[in-house]
Amino acid sequence: KEIDGVVKALQKFLATVDPKQTLTAALVTFKDDVKVEAFTQDLTVLQGAVAKLYATGGGECPEASAEALEIALKHIKDAGTIMLATDASPYPDADLSKLAQVIKDKKVKFQAFVTGDCSDMSHWNQLPNSQ
């Protein structure tokens, strides 16, 4: 499952963080909706939230990735880091140019891991019996 790779990558990244360093982190998840799973300075809380991540149906493509990114950008400090992992395109009305400009203006380090595309139905996360 793709989510397992995301969890392992996040766990590997968090293992490199010095526990004495003050780190404010948010874990924002999305499917067709957006949810803040953790917003904390406690590395243990963040590691626990990452360990609980799992994939569910999610419905058909697209997903609320741009909305999740927008929420993250509202809370991130300048020069912070955002890691976005998705297997679906954002909704067609998403203003990606605006989000890119905010990323640039805030000097955010942005890493995207995109493993799917809604233009190809074989990439869709369809619920059972929804074909």
Residue pairs within 7 Å by beta carbon, gap of at least six or interchain, first lying in segment 32-49 and closer than 17 Å to Gly80 by Cβ and modelled with pLDDT of 90 or more, second polar (S, T, N, Q) and in a strand (DSSP E or B), listed first then second, are Leu46/Thr40
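Residues to consider are Ala25, Ala88, Ala79, Ala9; find the one that is under 19 Å from Cys118 (Cβ atoms) and in contact (Cβ under 8 Å) with a residue 12 or more places away in the chain.
Values: Ala25 fails: under 19 Å from Cys118 (Cβ atoms); Ala79 fails: under 19 Å from Cys118 (Cβ atoms); Ala9 fails: under 19 Å from Cys118 (Cβ atoms).
After applying the criteria, what remains is Ala88.
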Count, please, the residues in segment 15-28 that happen to be at pLDDT 90 or above and either over 19 Å from Ser65 (Cβ atoms) or surrounded by fewer than 15 Cβ atoms within 10 Å (Cβ to Cβ) (or both).
2
Can you say whether Leu69 is modelled with pLDDT of 90 or more and touching a helix residue (DSSP H, G or I) at 6+ places or on another chain (Cβ under 6 Å), as far as the supplied structure shows?
yes
Identify all residues within segment 98-112 that are open to solvent by 30 Å² or more (accessible area, probe 1.4 Å), in contact with a Gly (Cβ under 9 Å, 6 or more places away or on another chain) and not in a strand (DSSP E or B); write none if there are none.
Lys106, Lys107
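If a residue has to be in a loop (DSSP other than H, G, I, E, B), hydroxyl-bearing (Ser, Thr, Tyr) and over 27 Å from Gln11 (Cβ atoms) to count, how many in segment 59-97 make the cut? Spell out how you get there, then give the answer.
Residues of segment 59-97 that are in a loop (DSSP other than H, G, I, E, B), as a first pass: 59-62, 64, 76-80, 87-89, 91-95.
Going one step further and asking which of them are hydroxyl-bearing (Ser, Thr, Tyr), we end up with 89, 91.
Checking the rest, the ones that are also over 27 Å from Gln11 (Cβ atoms) come to 91.
Of the residues in segment 59-97, 1 are in a loop (DSSP other than H, G, I, E, B), hydroxyl-bearing (Ser, Thr, Tyr) and over 27 Å from Gln11 (Cβ atoms).
Open to solvent by 50 Å² or more (accessible area, probe 1.4 Å), in contact with a Pro (Cβ under 9 Å, 6 or more places away or on another chain) and of a type in the set (Ser, Thr, Tyr) - does that describe any residue in segment 70-91? Outline the logic, then answer.
At the first step, the residues of segment 70-91 found to be open to solvent by 50 Å² or more (accessible area, probe 1.4 Å) are 70-71, 74-75, 77-79, 81, 83, 91.
Add one more test, that the residue is in contact with a Pro (Cβ under 9 Å, 6 or more places away or on another chain), and what stays is 91.
After this cut, where a residue has to be of a type in the set (Ser, Thr, Tyr) as well, the list is 91.
Looking for residues that are open to solvent by 50 Å² or more (accessible area, probe 1.4 Å), in contact with a Pro (Cβ under 9 Å, 6 or more places away or on another chain) and of a type in the set (Ser, Thr, Tyr), one finds at least one in segment 70-91, hence yes.
Which residues, counting only those in segment 1-53, are part of a loop (DSSP other than H, G, I, E, B) and among the polar types (S, T, N, Q)? Write out each step before concluding.
At the first step, the residues of segment 1-53 found to be part of a loop (DSSP other than H, G, I, E, B) are 1, 16-24, 31-33, 41-42, 52-53.
Across segment 1-53, the qualifying residues are Thr16, Gln21, Thr22, Thr24, Gln41.
The values are calculated or read from the model by the stated rules, or taken from the named source; none is laboratory data. Here the structure is a predicted model, which means the values were calculated and not measured. Methodologically, a virtual Cβ is constructed for each residue, glycine included, from the backbone with ideal geometry; neighbour enumeration extends over all protein chains shown. Side chains included, ligands, DNA and RNA excluded: accessible areas come from the protein's heavy atoms. Shrake-Rupley method; radii C 1.70, N 1.55, O 1.52, S 1.80 Å.
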